[in-house]
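> Sharing a structure below in C-alpha cells format, with a few things to ask.
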Amino acid sequence: MQRYLATRLLALIPVLLGILVVVFLLIRLIPGDAVQLFLGTQVEMTPEQMAELRRFFGVDKPLWAQFVDYLGRVLRGDFGVSLRTARPVLPDVLARLPLSFQLATLALVVAVALAVPLGIASAVMRNSALDVMVRVGGLLGLSMPNFWLGAMLILLFSRYLHVSLGQYTPITVNPLATLQSLYLPALALGAAIAAILMRYVRSSLLEVLGQDYVRTARGKGLREQVVLLRHALPNALIPVITVAGFQMGYLLGGTVVIEEIFALPGMGRLVLQAIFQRDYPVVQGVVLVIAFLFVLTNLVVDLLYAWIDPRIRYQ
C-alpha cells in the first residue's frame, strides 16, 4: 500500500505543474489590458505612470519570466494581490472556501442519499412500474440545469410555501442555521449528480446480480436479502465510489452559479464577481484552489478504491 501511495503522490507532480501552466496561460489569453481595466475610464495616467504600474504588477516581463515569477510565488503560498481590493488573494479565497466546501459536501450527501436506494430498488425490481418511474426521474434530473432548478426552488419555497430560506451562518456558530441556508442550494446542485449516481448504481448492480457467484449464493439457499446486501451490493458499489469522488470535484466548480442565485458568499460568487471585474489574480487563485482540491479528491478516491479492492494496489 505504501508503494501505491508513493506512486500516486509522484504522479501528482506533473499534474499540478500542468494545472499551473494551463491556468497561467488561459488567464492571459483573455482579451484586454488588465492594468487599463484596473484603472477604469475615470483615471488618466501618463505613459510613464502606466509603465511603472505594469512593472509593479510584473506584466511588462516576457511571458516565460512572468510564469517563473508566478510559479515561485505559488510555491511560497503567494497567489498575488487583488486588482480591485489590493488585498492578498489567498486569504480571501480561503475565507470563502468553507462555505463552498460545505455546500458541495451537502450536495453530494443529498445525491448519494437519493441515488443509492433508488438505484437499488430500480435494479431489484427491473422493468417494473417503479423502475420506469425511477429511470424517467433520472432523465429529468439530468436534463434540468441546476440554475433553473435553483430558481424554481426559490420561487416554490419562498412564494408559495412561505418558507424562509435563511441567511448563511457559519457552521461553527449555528449548525442548524447553516443547514437551513444550504439545503435548497444543495438540492439544486445535487439533483443532476443523484441522477448520474442512480444510473451507475442500477447498471452496476444489474451486472453483479448476473455473476456466477451470486447465482451460486442463491443456489445455496441464501435469502435474497442476504444475497443482495452481503454478496452483490458491496461489489456493485465499488465503481460508484469512484464516480462519486469525481463528482465532488465537479461540485466544487459547480457552486459558481448556485452561490450567485442563492446569494451565498462563497468561493464561486467570489470568482464570478472577479470575472466581471477582470480581477485576474483572484480568478487565477480560485481556479487553482478548485483544481488542487479536485486533484486531492481524486487521490483520496484512488486510495479508498485501493483499500476497498486490494487487486488495484497490486496492479
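The values are calculated or read from the model by the stated rules, or taken from the named source; none is laboratory data. Values in this document were obtained by computation on a predicted structure and should not be read as measured data. Cβ sites come from the backbone with ideal geometry, for glycine too, and all protein chains shown count toward neighbours. The area values use the complete protein model at the heavy-atom level, side chains included, leaving out ligands, DNA and RNA. Shrake-Rupley method; radii C 1.70, N 1.55, O 1.52, S 1.80 Å.
> Within the range 82-109, can you find the residues that are farther than 17 Å from I27 by Cα, in contact with a strand residue (DSSP E or B) (Cβ under 8 Å, 6 or more places away or on another chain) and surrounded by 13 or more Cβ atoms within 10 Å (Cβ to Cβ)?
Result: P88, single match.
> How many residues are polar (S, T, N, Q) and open to solvent by less than 70 Å² (accessible area, probe 1.4 Å) if we restrict to the range 164-211? Outline the logic, then answer.
Of the residues in the range 164-211, the ones polar (S, T, N, Q) are 164, 167, 169, 172, 174, 178, 180-181, 203-204, 211.
Filter once more, so that each one left must be open to solvent by less than 70 Å² (accessible area, probe 1.4 Å): 169, 174, 178, 181, 203-204.
Result for the range 164-211: 6.
> Return a yes/no flag: does the range 158-174 have any residue that is at pLDDT 90 or above and more than 26 Å from F246 (Cα to Cα).
There is no residue in the range 158-174 that is at pLDDT 90 or above and more than 26 Å from F246 (Cα to Cα).
> Test L222 against the stated conditions and say whether it is out of contact with any Leu (no Cβ under 6 Å at 6 or more places or on another chain), among the aliphatic types (A, V, I, L, M) and not in a helix (DSSP H, G or I).
So L222 passes the test.
> Of these, F56, F79, F67, which one is in a helix (DSSP H, G or I), at pLDDT below 85 and open to solvent by less than 70 Å² (accessible area, probe 1.4 Å)?
F67
> I've got another one for you. Being in a helix (DSSP H, G or I) and among the basic types (K, R) is the filter here, so list the residues in the range 114-145 that pass it. Explain how you work it out, then say what you get.
To start, the set of residues in the range 114-145 that are in a helix (DSSP H, G or I) comprises 114-124, 129-143.
Across the range 114-145, the qualifying residue is only R135.
> Looking at the structure I just gave you, is I171 part of a loop (DSSP other than H, G, I, E, B) and at negative phi?
When the stated conditions are applied, I171 passes them.
> Just for the range 251-269: of the residues that are in contact (Cβ under 8 Å) with a residue 40 or more places away in the chain, outside any helix (DSSP H, G or I) and open to solvent by 10 Å² or more (accessible area, probe 1.4 Å), which one is farthest from A192 (Cα to Cα)?
Residue satisfying both the conditions and the ranking: P265.
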